[in-house]
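Readers should treat all values here as calculations from the given coordinates under stated rules, not as data from a laboratory. This structure is a prediction, so every number in the text was calculated from the model and none was measured. Note: ideal-geometry Cβ built from the backbone for every residue, glycine included; neighbour counts use all protein chains shown.
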Amino acid sequence: MTEEEKKQARDQALWFGWLSIAILVAMGDSLALQIFFSQLRHDHLVSDAFDSVQEQARETLQTDFERIVEELARIAQINIPDWERQMANAIEGYLIAQATAARGRALLPSELLEIERDQIATQMDYLAGFRQDLESEPRTEDYISSRSKLYAGAGRALWYRIAEMDAPDGWVVDYHSVDDSGTCSPCVSAESDGPYLFGHGPFPGEVCLGRGRCRCQRQPRFDLAAWEALSAERLDFAA
Ligand SMILES: [Zn+2]
Ligand SMILES: [Zn+2]
C-alpha cells in the first residue's frame, strides 16, 4: 500500500467510524463501541496514536510496580505474611492493569478469568516459593527488592500477549532486544530467530534471564510473504 492509499483507507475508515459511532451511541451500546474501536485498531487503520498511548501505559505501569514492590521489601523484614499478602495484591493488580492497557478497554469477565487461571496463578506459585525462601533464610532488603522487581517481567509479557490476541492476516512481529544492562542470550536469539506470528514465539520479560529488567519489545510489521511462510509452517506442525 502506498502512503496515499493508506491515507485514503484511514480517512474512509474514520468516516465510516464516525457514522457507526453515531449509530452505536444512538443505540446506547457501549460494549459494541469498545469492540468496534478494538476492531479498527486491529485493522491497523487508526493504530499509531492508540499504540503509543498503550505503550506509554505499559512502561508507566511497570515503573510504578517496581516502585511499589521496592517499598514492600521493608515490610518483609518485619512481617512476612503481611508482605506476601501485599505482594500478591500488587502482582495481581499489576497484571490486570497491563492486560487492560494492552486491550485498550475493560476486560471481559471471561478474559479476566483466563488471566487469573494462567498468568496470575503462575506468579502466585513463584511468590509462595519466594516466601518459603525468606522464612528459611533472612535476606537483606536490597535482595528482596531486586528479586521482587523480577515479577514485572510477567506483566510485560502479558501486555504483548493481549495486544497480539487478534491476529490480522499478513502481519508478523519482530522481537527487538534492548535489555537494561547487556542483552541476555535468550533475548538476542529471540531477535535473530524472528519474525513470529502474532501471539507466538518468545515474549519480552518471559524468556529474558533478567525478567523484569527486560526492556525488549515486539513490534508488528506487515510482511505478507513472511506471514504466509510462518502460517504454512504452523499448519505443517499441527498436521
Ligand atoms: Zn534478556
Ligand atoms: Zn529482553
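Order these by the 10 Å Cβ neighbour count, fewest first: L113, L134. Please report the intermediate quantities before stating the final value.
Values: L113 11, L134 18.
Lowest to highest Cβ neighbour count: L113, L134.
Which value in nm describes the separation of the simple spin-label points at D51 and D125, placed 7 Å from the Cα toward the beta carbon?
Taking the two extended label points, one gets 3.4 nm.
Sort 93-102, 170-179, 52-61 for me by packing, meaning the mean count of neighbouring Cβ atoms within 10 Å per residue, highest on top. Show your work: numbers first, answer last.
Details: 93-102: 21.8, 170-179: 18.9, 52-61: 15.0.
Ranking, from highest mean packing down: 93-102, 170-179, 52-61.
Fewest to most neighbouring Cβ within 10 Å: what's the order for E71, E111, E66?
Numbers: E71 13, E111 16, E66 20.
Starting with the residue having the fewest Cβ neighbours, the order is E71, E111, E66.
Considering every Cα-Cα pair within the stretch 188-239, what fraction, in whole percent, is farther apart than 12 Å? Don't skip to the end; give the middle numbers.
Working: 906 of 1326 pairs.
That tail contains 68 percent of the Cα-Cα pairs.
May I ask for log10 I(q)/I(0) of the stretch 48-163 at q = 0.10, 0.14, 0.18, 0.23 Å⁻¹, from a Debye sum over the Cα atoms as equal point scatterers with solvent left out?
-0.31, -0.57, -0.87, -1.24
For an R0 of 22 angstrom, estimate the FRET efficiency from the Cβ-Cβ distance between V178 and T63 and round to the nearest 0.05. Don't skip to the end; give the middle numbers.
Values: r = 16 Å, r/R0 = 0.71.
The computed FRET efficiency comes out at 0.90.
For labels at R117 and M165 in the simple 7 Å Cα→Cβ model, what's the distance in nm?
With each label point 7 Å from Cα toward Cβ, the separation is 1.4 nm.
In whole angstrom, note down how far apart the Cα centers of the stretch 86-125 and the stretch 174-239 are.
What the calculation gives is 22 Å, centre to centre.
Between E135 and L107, what length comes free when the chain is fully extended (0.36 nm per residue of separation minus the Cα-Cα distance, one decimal in nm)? Intermediate values should be presented prior to the final figure.
On the way: separation 28, 0.36 × 28 = 10.08 nm, distance 3.61 nm.
Extra length available between E135 and L107 comes to 6.5 nm.
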